[in-house]
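Every number here is computed from the coordinates shown, using simple stated rules; none is lab data. A quick note: this is a predicted structure, and the numbers were derived from the prediction, not measured. As a convention, Cβ positions derive from the backbone with ideal geometry for all residues, glycine included, and neighbour counts pool all protein chains shown.
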Amino acid sequence: MGLPIPNLSEELVGRLSAKILKTDDCWIWTGAKTCGYGIIKISRKTFRCTRLVVFLTSGVDPGDKLVLHSCDNPSCCRPDHLRIGTYLENAQDAKSRGRNNFGTRNHFAKLSSEDVLAIRRDATTKSREELCQLYSMSPRNFRRIIHGKGWVSLLGNGEPPK
Ligand SMILES: [Zn+2]
């Protein structure tokens, strides 16, 4: 679901590393976050920091895959805590750790009402690919959020779903 990662300028790399707080264990992103995941804008597009870190350190653009955390800390940007994986692997990881982000019922437990409203608001300016990447959503879950299934109680608050 990821947007292709563009050439990363030195300025951008500097901006990225300035926001990472290195502890003995995790390297914590201290900048803007979405659902706990660090994000940064490049040419008006929003990228997850972990994807950029993977790209910078391995040269591999995660592309359609996700970047998974071995430390289970979404804001961590430490290269050796990150690996490229699939939605399925992420779901299995989550299950083995007792959380379940991608279960059909429990997926939404991860997203707060504010997140859902933010996704709906962002949907007017960001592409579906961008949103799926930002919120670690499959396209199916994206459609459910946009169309309000499972979030009926919020329909009165935000923009009406399209
Ligand atoms: Zn970590």
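Here are the numbers:
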{"quantity": "Sequence of Leu88, Leu131 once ranked by neighbouring C-beta atoms within 10 Å, starting from the fewest", "calculated": "Leu88, Leu131"}
{"quantity": "Net charge, Trp27 excluded, C-beta distance under 12 Å - Lys, Arg +1, Asp, Glu -1", "calculated": "0"}
{"quantity": "Violating pairs (Cα-Cα greater than 23 angstrom) within the set Lys22/Lys126; Lys19/Lys95; Lys95/Lys126; Lys65/Lys95", "calculated": "Lys22/Lys126; Lys19/Lys95; Lys95/Lys126"}
{"quantity": "For segment 84-94, Karplus couplings with θ = phi - 60° (6.51, -1.76, 1.60), whole Hz, Gly/Pro x", "calculated": "8, x, 9, 4, 4, 4, 5, 5, 5, 4, 4"}
{"quantity": "Amide H contacts under 5 Å for Trp27, placed H, 5+ residues apart", "calculated": "Cys77, Arg78"}
{"quantity": "Relative packing of peptides 12-20, 77-85, 46-54 - highest average C-beta neighbours within 10 Å first", "calculated": "46-54, 77-85, 12-20"}
{"quantity": "Note, ³J(HN,Hα) from phi for segment 8-23, Karplus 6.51, -1.76, 1.60, rounded to Hz, x at Gly and Pro", "calculated": "9, 6, 4, 4, 5, 4, x, 4, 5, 6, 5, 9, 9, 9, 8, 9"}
{"quantity": "Set of aspartates and glutamates near Lys45 by C-alpha distance (under 15 Å), chain-local residues within fewer than 8 positions excluded", "calculated": "Asp122, Glu129, Glu130"}
{"quantity": "Packing-based exposure ordering (other Cβ within 10 Å, fewest first) of Lys41, Lys33", "calculated": "Lys41, Lys33"}
{"quantity": "Stokes-Einstein translational diffusion, segment 1-65 - Kirkwood Rh over all Cα pairs, 1.306 mPa s, 10 °C, in µm²/s", "calculated": "130 µm²/s"}
{"quantity": "Computed label-point distance, nm, for sites Glu11 and Ser96 using a 7 Å Cα→Cβ extension", "calculated": "4.3 nm"}
